[in-house]
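Report on the structure given below.
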Amino acid sequence: MFLKYLKWRQTFVPNGLVSPSEVPNEIAVNKMFMQGLDKEGRPITVVFANKHFPRKGGLNEFKRFVVFALDKLCSRMPAGQEKFTAIGDLEGWGYANTDIRGYLGALSILQDYYPERLGKLFLIHVPYIFMAVWKVVYPFIDNNTKKKIIFVENKKLKSTLLEGIEESQLPEIYGGQLPLVPIADN
């Protein structure tokens with residue numbers, strides 16, 4: 001598995017990292033933010049799914065952005081920590097944001113080349129239409145990852161997030177105290 005990772009890394013990321021200049025369309029829309037730590041000391045990232053449009057930059061740029069983001073998250077992990085927490089905010093997500101190939105590509109990168117890095121994923125503000133896409137993607141998610149995904153009810157949003165994240169580390173938009181910081185600014 002490690003040899004597979006090294007081979008992939010040499011071909012997909014030959015310079016050792018993905019620079020912001022390689023993913024300008026993805027960074028420009030401010031779809032991903034990173035700040036704070038959860039109660040287990042894992043870095044927190046917030047992703048706004050309604051800011052993803054599959055035609056801008058294409059699939060390859062999106063996959064490179066996924067690597068850019070995962071590398072940023074890994075670099076922010078405190079000593080002894082190997083996982084991160086994500087909040088996937090689907091408010092306003094609709095047909096124009098649907099990208100099955102992109103979702104499967106990101107899932108493949110996460111599971112194949114960053115295994116067990118995901119500590120927890122909170123899916124919030126989930127619209128009904130998303131469930132149709134979820135049914136397509138769900139079978140491709142490995143069982144360990146499935147256990148880490150939590151669908152959060154809107155009326156229990158803050159209380160559910162506070163179970164795993166201190167209020168001082170929770171983003172302001174969810175009732176916490178930290179402002180959102182774009183991942184490119186970290």
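The values are calculated or read from the model by the stated rules, or taken from the named source; none is laboratory data. These figures come from a predicted structure and were not determined experimentally. Cβ: placed from backbone, ideal geometry, glycine included. Neighbour counts: every protein chain shown. Keep in mind that these areas ignore ligands, DNA and RNA; they rest on the heavy atoms of the full protein, side chains included. Shrake-Rupley method; radii C 1.70, N 1.55, O 1.52, S 1.80 Å.
Structure above, values below:
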{"item": "The range 156-180 residues that are over 19 Å from Glu91 (Cα atoms), paired with ones that are in a helix (DSSP H, G or I) and open to solvent by 70 Å² or more (accessible area, probe 1.4 Å) (beta carbon under 7 Å, 6 or more apart)", "result": "Leu178/Glu172"}
{"item": "Asp89 being acidic (Asp, Glu) and open to solvent by less than 20 Å² (accessible area, probe 1.4 Å)", "result": "yes"}
{"item": "Any hit, the range 100-113, residues being in a loop (DSSP other than H, G, I, E, B), surrounded by 12 or more Cβ atoms within 10 Å (Cβ to Cβ) and not β-branched (Val, Ile, Thr)", "result": "no"}
{"item": "Residue that is least open to solvent (accessible area, probe 1.4 Å) [pool: residues in the range 164-186 that are of a type in the set (Asp, Glu) and assigned to a loop (DSSP other than H, G, I, E, B)]", "result": "Glu167"}
{"item": "Scan of the range 11-34 for residues that are surrounded by 13 or more Cβ atoms within 10 Å (Cβ to Cβ) and polar (S, T, N, Q), ordered by number", "result": "Asn25, Asn30"}
{"item": "All positions within the range 114-162 that are over 15 Å from the mean Cα position of the chain (by Cα), aromatic (Phe, Trp, Tyr) and open to solvent by 30 Å² or more (accessible area, probe 1.4 Å)", "result": "Tyr128, Trp134, Tyr138, Phe140"}
{"item": "Contacts under 8 angstrom Cβ, first residue in the range 42-71 being touching a residue at least 40 places away in the same chain (Cβ under 8 Å) and closer than 19 Å to Phe130 by Cα, partner open to solvent by 20 Å² or more (accessible area, probe 1.4 Å) and in a helix (DSSP H, G or I), 6 or more apart", "result": "His52/Phe62; Phe53/Ala96; Pro54/Phe62; Pro54/Arg101"}
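For every residue, the table says whether it meets (1) at pLDDT below 95; (2) among the basic types (Lys, Arg); (3) touching a helix residue (DSSP H, G or I) at 6+ places or on another chain (Cβ under 7 Å).
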site: Trp8; (1), (2), (3): yes, no, yes
site: Val13; (1), (2), (3): yes, no, yes
site: Met32; (1), (2), (3): no, no, yes
site: Val46; (1), (2), (3): no, no, no
